[in-house]
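The values are calculated or read from the model by the stated rules, or taken from the named source; none is laboratory data. Remember, it's a predicted structure, so these values are computed and weren't measured experimentally. Here Cβ is always computed from backbone atoms with ideal geometry, including for glycine, and neighbour counts include all displayed protein chains. Side chains are part of the model used for accessible areas, which takes the heavy atoms of the whole protein and leaves out ligands, DNA and RNA. Shrake-Rupley method; radii C 1.70, N 1.55, O 1.52, S 1.80 Å.
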Amino acid sequence: MDGSAGPFFDALGDATIVDGPGKPDVFVLREPVHFRDGDSEYTLKPAGVFELDVEIDFPHPLIGVQHGHYRVTPAEFARELAGARTFGFVHEVEALRAKGLIRGATTSNAVVLDERDVVETTLRWPDEFVRHKAMDCIGDLALAGGRLLAHVRAVRPSHRGTVLLVREIARVLTPERSVLGIEDIMKALPHRYPFLLVDRILEIEPKKRIVGLKNVTINEPFFQGHFPGHPIMPGVLIIEAMAQVGGVLLMGEVEGSESKVVYFMSLDNVKFRRPVKPGDQLIFEIEMTQMRGMVVKMRGIAKVDGEVVCEADMAAMVRDK
């Protein structure tokens, strides 16, 4: 081919799409990961999207230090990365071929550089080199077996380093599958727009624990007045969203829940650690600490990118509507 992913991307785009059973695995990073392999260094942080920062450094006048930042979507990949070609240096050719490598490599399917310039081709972008390295990272990270949600910073990445990184983060990567979607949540809770503040329930352990998710967007109605020009999610609404996640856990323990409602009785030890802004993804982790009849106590924390932004102790009761 031409040394890039472009022809493959175009062929897949032209293919017929057929629906299949099941859903793709989505891997959510719960805690930051740092990894180094030789000169390759990686830092991963929790995020609600797949973002990639890449930095390379080659002692060549056309390359030097190059940086690239990409939010990895099909459109971004097609526009910014798919056409970036693999590259190599003339002085490496004989050594690589002696190892049985690059046997089909020519200047028509790779960017080849001599001591000063490219050989028999022109660059598609001045920073085509870092773009290709970013594309390499995306391909290697796919070996995790699912779609990754994380902010990845890769400094001098290599195929070996990224593959070893995938093995390293396997212990903290878990497929995120919605236990309850929005339709199920609306059956459990009486709240509706604009006061339904939970998008998905990710995990439930009956009578023990629940994990919920809220995507914070600039379209939230409260951002019109809190505060215009400097939007911050009101702290009371973070607590309300946390309480709604706890309410889903509680309603799952009640017979005839369709005729019941949860009232919160008290909030204690409430702490706000940092502001929550549009674009953040709130993850709520609620643990049930005590249940006596229709009264329950819970401990809740809210995280953004793995960092605690809010915590509280809550007490609630279940009553007839």
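Observations on the structure shown:
- Less than 5 angstrom separates the built amide H of residue 150 from those of 47, 49, 50, 51, all sequence-distant by 5 or more or on a different chain.
- Helix 159-169 axis versus longest C-alpha principal axis of the chain: approximately 20°, rounded to the nearest ten.
- Ellipticity at 222 nm from helices only: DSSP H runs of n ≥ 4 in the chain, each -39500 (n - 2.57), divided by the residue count, give -6000 deg cm²/dmol.
- Surface exposure of the chain, expressed per residue as accessible area with a 1.4 Å probe, stands at 54 Å².
- Equivalent ellipsoid, the range 56-131 (semi-axes from 5 times Cα gyration tensor eigenvalues, Å): 24, 15, 11
- Loop-located GluC sites (Glu not before Pro) in the range 252-311 whose Cβ has at most 16 other Cβ within 10 Å (DSSP): 253, 255
- Considering all C-alpha pairs of the range 156-286, those separated by over 22 Å amount to 48%.
- Taking the empirical scaling 2.2 N^0.38 Å for compact globular proteins as reference, the chain has a Cα radius of gyration ratio of 1.26.
- Within a Gaussian network of the chain (alpha carbon springs, distance under 10 Å), most fluctuating of 213, 196, 96: 96
- In terms of Cα atoms, the Rg and Dmax of the range 248-312 work out to 14.1, 39 Å.
- Antiparallel bridge percentage (DSSP; both residues within the chain; nearest 5): 85
- The range 124-152 and the range 1-27 have their alpha-carbon centroids 15 Å apart.
- Longest to shortest principal axis, alpha-carbon extents of the range 108-156, angstrom: 39, 21, 16
- Cα convex hull of the range 201-257, projected area averaged across orientations, nm²: 4.8
- Cα point-scatterer Debye curve for the range 29-166, base-10 log of I(q)/I(0) at q = 0.14 Å⁻¹: -0.68
- Residue-count net charge about residue 160 - beta-carbon cut-off 10 Å; Lys, Arg +1, Asp, Glu -1: -2
- 3J(HN,Hα) from dihedral phi, the range 33-45, Karplus parametrisation 6.51/-1.76/1.60, rounded to Hz, x for glycine, proline: 10, 10, 8, 9, 9, x, 7, 8, 10, 10, 10, 10, 10
- More than 17 Å apart - percent of Cα-Cα pairs taken over the range 46-87: 43
- The GluC sites (Glu not before Pro) found in the range 106-188 that occupy coil by DSSP, while having at most 11 further C-beta atoms within 10 Å, are 115, 120.
- Of 187/297; 207/260; 214/277; 187/321; 187/260; 271/297, those spanning more than 20 Å from alpha-carbon to alpha-carbon: 187/297
- Each residue of the range 230-241 is assigned a 3J(HN,Hα), and the resulting list reads 8, x, 9, 5, x, x, 5, 7, 5, 5, 4, 4 Hz, derived from the Karplus form 6.51 cos²θ - 1.76 cosθ + 1.60 (θ = phi - 60°), x at Gly and Pro.
- Kirkwood-type radius of the range 103-234, with distances r between different C-alpha atoms, in Å: 20.0
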